[in-house]
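Notes follow the structure.
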Amino acid sequence: MSSLLRISHLNKSFYKNEVLADFNMDLPEGKILGLLGPNGSGKTTLLKLIAGLLKPTSGEIYIDDCQPSYITKGYVSFLPDCDFLFEDCKIDRMADYYADFFADFDRRKFYEFMRFMDVESHQKIKALSKGNKEKLNLSFVLSRKARLYLLDEPLGGVDPVARDKIINAIIKNYMEKSAMIISTHLVDYIEPVLDEVAFLHHGTIALAGNAEDLRAERGKSIDEIYREVYRND
Amino acid sequence: MAYAFDERVPIYLQIIDEIKRQLVTNKLKGGDKMPSVRELSEGMEVNPNTVQRAYQELERLGITYTQRGMGTFVTQDEGIIISIKEEMAMDAVRQFAESMQSLGMSPQDTIKCLEDYFEKGAAQ
């Protein structure tokens, strides 16, 4: 199995505030990694660095042997934790725009996702409820035939029915030739979907491993292990 | 609908248990074709690699076999199905015996309770 993502000795500081410190990670293709940790542990910063939206202070990131750049943006699909679509735009028009930007955007797949998610596409984005907006965002991101998917808090502020749909969409989209990182602090919902987990603590990995092996070793769920790791914070 | 897992136990072991249960209750029969890894993972809302791991283990145990290009099938070996049933029955007995023991019941009391239970059940 070859590594799709390699991160070595990554540091990121905002002025004196050190967010990531000597961070290392290897992610092979075919894996879904859960990036777990409370607010402020560095999850979003890490994803933005991989997506190429931030520059490392030092250290290296390689995605398919290429450092984050306009090239990797062609095969890394990023779901930010904030709104990133034009609010005044109709969904169909936004799909045209997305297709212009990303050569790997599959419009047929996008409309399949929209049907699956029960979102009507002849409306403006700002008319959508929070849950439907989240489903729409995810549909855009998963409809790219990318090598690496980065999902920052895909379940935040979404009701349980929508959560089920989103989790189902993530599983449907699983591909052996790509990998996915999902950041969240809602561990119990996403747990059965994850291969690997990494617990982030003050910018370094406090604990990482295969989710099934961790369950077997400790006789605990990932959610319970999460509570243990961060209890003293 | 997602399957309700106990997430303190590795999920692939629970998938194996569920398939064994379907076998002894005849929901799955010898020679039946198993769902594909992708179908089962979507149905159970579980990572496909986890389902793959369960399938590998089932094959290692001789419960299923793979036919190239055709898929995975349930064994037609009756002996294996009978031994799974015995094994699951022993597990149930062990759990029962342990919970009776924790109530301070002696083996004799336990057997007596069980006999009473079945007699009452038969009377109803």
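The values are calculated or read from the model by the stated rules, or taken from the named source; none is laboratory data. All figures in this text were calculated on a predicted structure; none of them were measured in a lab. Note that we place each Cβ from the backbone using ideal geometry, even for glycine, and neighbour counts take in every protein chain shown.
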(message) Looking at segment A:33-46 only, could you name the residues that are under 16 Å from the mean Cα position of the chain (by Cα) and part of a loop (DSSP other than H, G, I, E, B)?
(response) A:G37, A:P38, A:N39, A:S41, A:G42
(request) Specify the residue that is surrounded by the fewest Cβ atoms within 10 Å (Cβ to Cβ); the eligible residues are those in segment B:1-48 that are modelled with pLDDT under 90 and aromatic (F, W, Y). (result) B:Y3
(message) Residues that are surrounded by fewer than 17 Cβ atoms within 10 Å (Cβ to Cβ), at negative phi and more than 14 Å from chain B (Cβ to nearest Cβ): list the strands (runs of 3 or more DSSP E) wholly contained in segment A:179-233 that include at least 3 such residues.
(response) A:204-210
(request) Residues being within 11 Å of another protein chain (Cβ to nearest Cβ), touching a helix residue (DSSP H, G or I) at 6+ places or on another chain (Cβ under 7 Å) and farther than 25 Å from A:S178 by Cβ: count how many of those fall in segment B:7-50. (result) 3
(request) Filter segment A:47-83 for residues that are surrounded by fewer than 15 Cβ atoms within 10 Å (Cβ to Cβ) and not in a loop (DSSP other than H, G, I, E, B) and give the result. (result) A:S58, A:E60, A:C66
(request) Test B:I19 against the stated conditions and say whether it is more than 22 Å from A:G30 (Cβ to Cβ) and out of contact with any Cys (no Cβ under 7 Å at 6 or more places or on another chain). (result) yes
(message) For segment A:108-155, give me the residue count where each residue is assigned to a loop (DSSP other than H, G, I, E, B), aliphatic (A, V, I, L, M) and touching a strand residue (DSSP E or B) at 6+ places or on another chain (Cβ under 8 Å).
(response) 2
(request) Identify the single condition in (1) within 19 Å of B:V46 (Cα to Cα); (2) in contact with an Asp or Glu (Cβ under 7 Å, 6 or more places away or on another chain); (3) in a loop (DSSP other than H, G, I, E, B) that A:V158 does not satisfy, given that it satisfies every other one. (result) (1)
(message) Restricting to segment A:32-46, give me the number of residues that are within 14 Å of chain B (Cβ to nearest Cβ) and surrounded by fewer than 21 Cβ atoms within 10 Å (Cβ to Cβ).
(response) 0
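Quick check, is B:R53 surrounded by 15 or more Cβ atoms within 10 Å (Cβ to Cβ), within 14 Å of another protein chain (Cβ to nearest Cβ) and basic (K, R)?
yes
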